[in-house]
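Student: The structure under discussion is supplied below as structure tokens; questions concerning it will follow.
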Amino acid sequence: MTPPRPPAVFITGASRGLGRELAREYARRGANLGLVARAADALEELADELVQRHGVRCLALAADVRDPASMRSAAGHFMDEFGVPDRVIANAGVSTGTLTEYAEDYAAFRQVLATNVLGMVATFAPFVPCMKANGQGTLVGVASVAGVRGLPGAGAYSASKAAAIRYLESLRVELRPAQVRVVTLCPGYVDTDMTAGNPYPMPFLLRADEAARRLVRAIERGASYAVIPWPMALTARALALLPNAVYDRLFVHAGRKPRGRPL
């Protein structure tokens with residue numbers, strides 16, 4: 001009897017932070033992996049670690065999610081090696097403080113939106129036709145609770161994550177007839193270099209490895225939308241229900257991410 005094929009998982013933003021821990025968690029579960037990021041050396045190092053530790057197969061695919069041609073090439077190499085993926089996780093994202101009145105922040109707005117929204121589209125696009133043809137597969141988008149309400153000083157990031165949430169919802173309904181699942185993941189605060197410089201309290205902060213474990217459990221149990229950890233899910237739901245006047249008074253003096261941090 002032929003043993004079942006290991007699941008094949010394609011992950012963007014895999015060179016660091018949450019993406020790296022998602023790769024480690026799926027490798028621990030025996031998946032073959034396509035690891036995507038711009039940092040080729042970091043990808044190769046991670047791929048070597050996962051092969052040696054877990055005996056899985058890994059492809060390190062240096063690519064930029066902002067470049068659709070780059071992503072089509074990475075997707076093609078992945079499918080040549082592993083076939084149509086079982087999971088595609090669009091995790092790549094950037095964040096920085098932004099203020100609309102500063103003309104120089106326009107470039108940051110553009111980069112955040114290009115990476116966090118259009119990068120998700122470019123990640124999924126090469127795989128949708130073959131997943132539809134197969135009638136199976138899962139597309140996973142990593143959004144954020146920052147997309148539930150607009151956070152002061154984080155207009156670009158909140159806008160990008162709100163757009164990602166709505167894009168994923170549209171895609172989920174579009175692909176339902178083809179039996180292709182779409183999952184929206186909204187982590188709260190995760191201890192990575194993206195949050196390391198935040199000069200304000202971060203309630204319910206999770207280690208990146210613990211966040212990855214919880215997110216993978218949500219994917220594998222068939223969730224279509226998940227916020228982790230659960231106390232942050234309750235907080236996000238409450239914030240969504242607050243009248244604007246109350247929300248504005250509560251958050252007008254909230255801590256803000258510094259402008260001009262590297263993306």
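Student: Restricting the search to the range 231-262, which residues are out of contact with any Lys or Arg (no Cβ under 9 Å at 6 or more places or on another chain) and closer than 23 Å to residue 166 by Cβ?
Tutor: Hits for the range 231-262 are 232, 233, 234, 235, 237, 238, 241, 243, 244, 248, 257.
Student: Scan 211, 178, 236 and give me the residue that is touching a residue at least 40 places away in the same chain (Cβ under 8 Å), touching a Pro at 6+ places or on another chain (Cβ under 6 Å) and at negative phi.
Tutor: 211
Student: Give the range 151-182 a look and list any residue that's outside any helix (DSSP H, G or I) and under 30 Å from residue 255 (Cα atoms), or say none.
Tutor: Once the filter is applied, which keeps residues that are outside any helix (DSSP H, G or I) and under 30 Å from residue 255 (Cα atoms), the range 151-182 yields 151, 152, 153, 154.
Student: Looking at 133, 60, can you tell me which residue is loosely packed, with under 15 Cβ neighbours inside 10 Å and in contact with a helix residue (DSSP H, G or I) (Cβ under 9 Å, 6 or more places away or on another chain)?
Tutor: 133
Student: If you don't mind, another one. Is it fair to say residue 95 is in a helix (DSSP H, G or I) and polar (S, T, N, Q)?
Tutor: no
Student: I need the full set of residues from the range 243-255 which are more than 23 Å from residue 211 (Cβ to Cβ), surrounded by 11 or more Cβ atoms within 10 Å (Cβ to Cβ) and touching a residue at least 12 places away in the same chain (Cβ under 8 Å), in order please.
Tutor: Those that are more than 23 Å from residue 211 (Cβ to Cβ), surrounded by 11 or more Cβ atoms within 10 Å (Cβ to Cβ) and touching a residue at least 12 places away in the same chain (Cβ under 8 Å): 247, 251.
Student: Identify, please: which residue in the range 171-205 is closer than 20 Å to residue 219 by Cβ and polar (S, T, N, Q) and is, among those, surrounded by the most Cβ atoms within 10 Å (Cβ to Cβ)?
Tutor: That would be 184.
Student: Of the conditions (1) hydrophobic (A, V, I, L, M, F, W, C); (2) assigned to a helix (DSSP H, G or I); (3) over 24 Å from residue 146 (Cα atoms), residue 113 satisfies every one except a single condition; which number is it?
Tutor: Result: residue 113 passes all but (3).
Student: Of (1) more than 17 Å from residue 260 (Cβ to Cβ); (2) among the acidic types (Asp, Glu); (3) not in a helix (DSSP H, G or I), residue 193 satisfies all except one. Which?
Tutor: (1)
Student: Right, next: Could you tell me which numbered condition residue 225 fails, if it satisfies all but one of (1) farther than 30 Å from residue 27 by Cα; (2) without any contact (Cβ under 8 Å) to a residue 60 or more places away in the chain; (3) of a type in the set (Phe, Trp, Tyr)?
Tutor: Tallying (1) farther than 30 Å from residue 27 by Cα; (2) without any contact (Cβ under 8 Å) to a residue 60 or more places away in the chain; (3) of a type in the set (Phe, Trp, Tyr), residue 225 fails exactly one: (1).
Student: Please indicate, with yes or no, whether at least one residue in the range 124-143 is aromatic (Phe, Trp, Tyr), assigned to a helix (DSSP H, G or I) and farther than 13 Å from residue 164 by Cα.
Tutor: The answer is no, given that none of the residues of the range 124-143 is aromatic (Phe, Trp, Tyr), assigned to a helix (DSSP H, G or I) and farther than 13 Å from residue 164 by Cα.
Student: State yes or no: is residue 60 free of Cβ contacts under 8 Å to residues at least 40 places away in the same chain and over 17 Å from residue 31 (Cα atoms)?
Tutor: no
Student: Taking the range 214-255 as the region of interest, how many residues are of a type outside the set (Phe, Trp, Tyr), within 19 Å of residue 181 (Cα to Cα) and not in a helix (DSSP H, G or I)?
Tutor: Final tally of qualifying residues: 6.
Student: Continuing with the same structure: Out of 75, 42, 69, which single residue is free of Cβ contacts under 8 Å to residues at least 60 places away in the same chain and either at positive phi or buried (at least 17 other Cβ atoms within 10 Å of the Cβ) (or both)?
Tutor: 42
Student: Continuing with the same structure: Just for the range 18-61: of the residues that are of a type outside the set (A, V, I, L, M) and not in a helix (DSSP H, G or I), which one is nearest to residue 208 (Cα to Cα)?
Tutor: 29
Student: Quick check on the range 197-205. Is at least one of its residues small (Gly, Ala, Ser) and at pLDDT below 95?
Tutor: Among the residues of the range 197-205, at least one is small (Gly, Ala, Ser) and at pLDDT below 95, which makes the answer yes.
The values are calculated or read from the model by the stated rules, or taken from the named source; none is laboratory data. Computed from a predicted structure; not experimentally measured. Don't worry about glycine lacking a Cβ; one is built from the backbone with ideal geometry, like all the others, and counts go over all protein chains shown.
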